[in-house]
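Asker: Here it is, the structure in full.
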Amino acid sequence: MNITLTSGKKVPSQEGKSILESLKKEGIFLTSSCGGKGTCGKCKVIVKSGTAESGSQMKLSQKEIDEGYALACKTVPSEDIVIDIPKESMLVVEGRIATEKSKDLLGLLKLSGADVDPPASRIVLQLPPPSLDDNISDLERLKRELLAHGLGCLRIHYRFLTGLAHTVRENNWEITLSTIESDDCHEITNIFPGNVTAPHYGIAIDIGTTTVVVYLINLTDGSLVDVASIYNSQIQFGDDVITRIVNATEHDQLKSINRAVISDINNLFLLLLETHELTTDSIDSFVISGNTTMMQLFLNLDPASIREEPYIPTANFFPLSYAGELGIKANPNTPIYVFPCVASYVGGDIVSGILATGMHRQDDVCMFIDIGTNGEIVVGNSEWMISAACSAGPCFEGSGIKHGMRATDGAIEDVRINPETMDVEIQVIGEGVKPMGICGSGMIDAIADMFLTGILDPKGKMQKESSDRVRDGEEGPEFVIHYGEENDIVLSEPDIENIIRAKAAIYAGFATLLSEVGFSFDDVQKIYIAGGFGKFLDIEKAIILGMLPELAREKFEYMGNTSVIGAYLCTLSKKLQGEAEEISRQMTYLELSVSSSFMDEYMSGLFIPHTNIDAFPGVKSLMSKS
Ligand code: FES
């Protein structure tokens, strides 16, 4: 018996086992917060054909049941079935990509002038057993030994004392301590009987508005062991940060929004531990990166004032917190370091991104942009840095786009339109996977080629006679990127309007920030681009679209998700953690929403590539040839 996914992949169905279990055996992981008890409702699938026996479906509405939805954990196939996995149910574990990335990341650590020297470390001590002549307390005995090892400055919490007497005696006074170093002091976070030093692990997390990404890192050798990611479950409380803040404050849902992301994190890191047969005792630290609102919601802090002028967060620098305080299902004393933020709309993800690029060590003027849900920009070098947020919207992560999705298996990531034949060639992420939607890089490619081939005019309107693929859809004219067996994948005119608004905000943000500090695009020596575009972003196409300025191509560097890369670096290096703190102290913030020149720049950017075509001479010459 087989379970066939709508992507075309076939999975053997285990006799008497639920869909959830059969998929898991083949490395396909669904969200399953309740562990398969049928009570969280997160593991929904749609049974398209074939019969299956369904147990409790109490988490499904009647409408969902009528539409073929079933809980994968409570549904056992009785014959070959075909199922569709909604993107919200999907946990993505990217082990293969992780292994490939590991060397690059270690290289980046070295390139940043750092070694594997994590703030969280372990130390093994053999304490001399007490006697009538040496009758100091257990704690004094421990401190004496640590002092002999050069650890004079110690912070010890009451909660550490509760198991101390038992643990020191369990293995003949040999113990292993987990410690975390901050402000040149060591804090004891966990104690284990015997020698349990190697290997130990850290967890680096990027809480994006749209996705949550978790890295499992070996703290002994610095290797990236595995990666898992998921759509941020807070999406049910709004696609963007503002809607979530409104829901948290005006509808009293702060706790629920906080719980949603904590549950995502627990799902992801526990899955990674299970996959690699590790226990929570092997985890010594968490490092969390994300925008300011995500950080506040993660810490269960009221975000109301972030939204109201003068836009003030509760904190930009966060004290160390602990797993037990926040509901993270690790050892309760495991420390959690939250990246420092700069302002309400420039958060720890941007500080983390700058750390990953190394821009704060360069003499030349550089730019950094993180094209995520908001579009944050930084200009500067080793001496100064100024930042802004340009409200680009989450469309490049798939939100608000009819067939938009993030850069994961099934996403069309590359689109080419042949100008002679008007044929469309696509590339899809994942081997042998059918196209399921289109991600940011695919959207940029498609619109740039649609413009150059005359399918779109500079205002983003479709020219009906230009191609057989232009047709009338539910939301007006649409262009068929891919003809599917069941559903076609299209870009509609409202999708394109959305994308043009986002690219206009990005370009306007660049231009405004540079003019504020008295520079022009010509002064910029390097532009680092971060964002969830998958393997690559076609810079040429992004310039044709008018999202990026027309500069020499070698000045651009696409770096992927720099937020989680920065979190990886801080998990492994005390030195780089110190640099992150310094970056956030050094960076200033400019509020673009009150800038009239930003608004003017934005209006000029609502064309492909731009109202001022002379700023894009290369695109102008391409247009004249096409
Ligand atoms: S895993 Fe929770 S309902 Fe299926």
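Nothing in this text is a laboratory measurement; each read-out follows from the coordinates by a stated rule. Bear in mind that the values here come from a model prediction, so they are computed numbers and not experimental data. Quick reminder, even Gly has a Cβ in these numbers, built from the backbone with ideal geometry, and neighbours come from all protein chains shown.
Asker: Just to confirm a number: summing +1 for Lys and Arg and -1 for Asp and Glu over residues other than residue 495 whose beta-carbon lies under 9 angstrom from that of residue 495, what do you get?
Answerer: Numbers: positive: 402; negative: 475, 478, 493, 497.
Neighbour charge sum, excluding residue 495 itself: -3.
Asker: If you don't mind, there's one more thing I want to ask. Which value, in debye to the nearest 20, describes the size of the charge dipole of the range 403-490 about its Cα centre when Lys and Arg Cβ atoms bear +1, Asp and Glu Cβ atoms bear -1, and nothing else is charged? Intermediate values should be presented prior to the final figure.
Answerer: Details: 8 positive and 19 negative charges, 61 e Å.
The calculated dipole for the range 403-490 is roughly 300 debye.
Asker: Given a cut-off of under 8 Å on Cα pairs at least six residues apart, what relative contact order in percent is computed for the range 403-490?
Answerer: Details: 154 pairs, mean separation 21.7, N = 88.
Computed value for the range 403-490: 25 percent relative contact order.
Asker: Taking neighbour counts of Cβ atoms within 10 Å as a proxy for exposure, in what order, fewest first, do 600, 84, 614, 264 appear? Could the numbers behind the result be given before it?
Answerer: Values: 600 13, 84 18, 614 7, 264 25.
The most exposed by this proxy come first: 614, 600, 84, 264.
Asker: Take the alpha-carbon centre of the range 350-413, take the same for the range 318-342, and report the distance between them in whole Å.
Answerer: Between the Cα centre of the range 350-413 and that of the range 318-342, the gap is 25 Å.
Asker: If you take the charge dipole of the range 203-338 about its Cα centre, with +1 on Lys and Arg Cβ and -1 on Asp and Glu Cβ, which of 270, 254, 231 is farthest toward its positive end?
Answerer: Towards the positive end, the residue furthest out is 254.
Asker: Okay, next question. What residues from the range 506-543 fall in the zone where the backbone N is under 20 Å from a label point 7 Å along the Cα-to-C-beta line of residue 621?
Answerer: 522, 539-543
Asker: Separate question: For each pair in 255/402; 44/329; 10/48; 503/620; 42/329; 74/255, compute the distance between the two Cα atoms and list the pairs where it is over 20 Å.
Answerer: Working: 255/402 31 Å; 44/329 24 Å; 10/48 14 Å; 503/620 18 Å; 42/329 18 Å; 74/255 29 Å.
Too far apart for the 20 Å limit: 255/402; 44/329; 74/255.
Asker: A 23 angstrom limit on the alpha carbon distance is what I want to check against. Which of 434/555; 59/87; 459/526; 555/575 exceed it? Could you put the intermediate results ahead of the total?
Answerer: On the way: 434/555 35 Å; 59/87 18 Å; 459/526 30 Å; 555/575 28 Å.
In this structure, 434/555; 459/526; 555/575 lie more than 23 Å apart at Cα.
Asker: Hey, another quick one. With charges only on Cβ, +1 for K and R and -1 for D and E, what is the dipole size of the range 203-338 about its Cα centre, in debye, rounded to 20? Don't skip to the end; give the middle numbers.
Answerer: Details: 5 positive and 16 negative charges, 36 e Å.
Once rounded to the nearest 20, the dipole reads 180 debye.
Asker: Sticking with this structure for a sec: Can you compute the modelled spin-label distance between residue 61 and residue 422, with each label point 7 Å from Cα toward Cβ, in nm?
Answerer: Between residue 61 and residue 422, the simple spin-label model gives 4.1 nm.
Asker: Does anyone have the angle between helix 138-148 and the longest principal axis of the chain? Alpha-carbon axes, 0 to 90°, nearest 10?
Answerer: 70 degrees
Asker: Are there GluC sites (Glu not before Pro) in the range 270-320 that DSSP marks as loop and that have at most 15 other Cβ atoms within 10 Å, and which are they? Intermediate results must be reported in sequence, preceding the final value.
Answerer: Numbers: sites: 274, 277, 308; in loops: 277, 308.
Listed in order of number, the matching sites are 277, 308.
Asker: Based only on other Cβ atoms within 10 Å, what is the fewest-to-most ordering of 322, 507, 311, 69?
Answerer: Values: 322 19, 507 25, 311 15, 69 22.
Result, fewest neighbours first: 311, 322, 69, 507.
Asker: How about the chain: what cysteines have no other cysteine beta carbon under 4.7 Å from their own?
Answerer: Taking the Cβ cut-off of 4.7 Å, the unpaired cysteines of the chain are 43, 73, 341, 366, 390, 395, 439, 570.
Asker: So, one more: Set the Förster radius R0 to 56 Å, insert the Cβ-Cβ distance between residue 124 and residue 596 as r into 1/(1 + (r/R0)^6), and round the FRET efficiency to 0.05. Present the calculation step by step, with values, prior to reporting the outcome.
Answerer: Numbers: r = 63 Å, r/R0 = 1.12.
It comes to 0.35.
Asker: Related question: What size of dipole, in debye to the nearest 20, comes out for the chain about its Cα centre when the only charges are +1 on Lys and Arg C-beta atoms and -1 on Asp and Glu C-beta atoms?
Answerer: Values: 51 positive and 87 negative charges, 213 e Å.
In total the dipole reaches around 1020 debye.
Asker: In addition: Answer with one residue from 336, 197, 612: the one whose Cα lies farthest towards the positive end of the charge dipole of the chain, charges on Cβ with Lys, Arg +1 and Asp, Glu -1.
Answerer: It is 197.
Asker: Would you mind getting me the FRET efficiency between residue 140 and residue 280? Use the beta-carbon distance for r and R0 = 22 Å, nearest 0.05.
Answerer: Working: r = 30 Å, r/R0 = 1.35.
For residue 140 and residue 280, the calculated efficiency is 0.15.
Asker: Lys/Arg Cβ at +1, Asp/Glu Cβ at -1, dipole of the chain taken about the Cα centre: which of 147, 352, 494 is farthest positive-ward?
Answerer: So the residue furthest toward the plus end is 147.
Asker: How high is the relative contact order of the chain? Use alpha-carbon pairs under 8 Å, at least six apart in sequence, and give a whole percent.
Answerer: On the way: 1366 pairs, mean separation 72.8, N = 626.
The value is 12 percent.
Asker: Amide H to amide H, which residues 5 or more places from residue 190 or on other chains are under 5 Å from it, using H placed in the peptide plane?
Answerer: Hits under the 5 Å cutoff: 178.
Asker: Highest first, please rank the peptides 135-146, 583-594, 562-573 by the mean number of other Cβ atoms sitting within 10 Å of their residues. Don't skip to the end; give the middle numbers.
Answerer: Values: 135-146: 15.2, 583-594: 17.7, 562-573: 29.2.
Per-residue mean Cβ counts within 10 Å order the peptides as 562-573, 583-594, 135-146.
Asker: When the Cα centres of the range 263-317 and the range 44-69 are compared, how far apart do they sit, in Å?
Answerer: If we compute the Cα centre of each part, the gap is 33 Å.
Asker: Taking a point 7 angstrom from the Cα of residue 53 along the C-beta vector, which residues in the range 15-34 have backbone N less than 15 Å away?
Answerer: What the label zone holds, given the 15 Å backbone N cut-off, is 15-19.
Asker: Same structure, new question: List 214, 490 from most exposed to least, where exposure is judged by having the fewest other Cβ atoms within 10 Å.
Answerer: Details: 214 26, 490 22.
Ranking 214, 490 by Cβ neighbours within 10 Å, fewest first, gives 490, 214.
Asker: Moving on. With each pseudo-label sitting 7 Å past Cα toward Cβ, what's the residue 246-residue 198 distance in nm, one decimal?
Answerer: Rounded to a tenth, the inter-label distance reads 5.6 nm.
Asker: Extending each Cα 7 Å along its Cβ direction at residue 80 and residue 15, get the distance between those two points in nm, one decimal.
Answerer: About 2.0 nm, to one decimal.
Asker: Still on this model: Please determine, in degrees from 0 to 90 and to the nearest 10, the orientation of helix 562-572 with respect to the longest principal axis defined by the Cα atoms of the chain, where the helix direction is its Cα long axis.
Answerer: The angle comes out near 20 degrees.
Asker: Enumerate the amide H contacts of residue 587 below 5 Å, restricted to partners 5 or more residues apart or on another chain; note that Pro and chain-start residues carry no placed amide H.
Answerer: Distant-sequence amide H within range of residue 587: zero hits.
Asker: Collect residues whose amide H, placed 1.01 Å from N in the peptide plane, falls under 5 Å from the amide H of residue 482; neighbours closer than 5 in sequence don't count.
Answerer: Those qualifying (amide H under 5 Å, at least 5 residues apart or on another chain) are 489.
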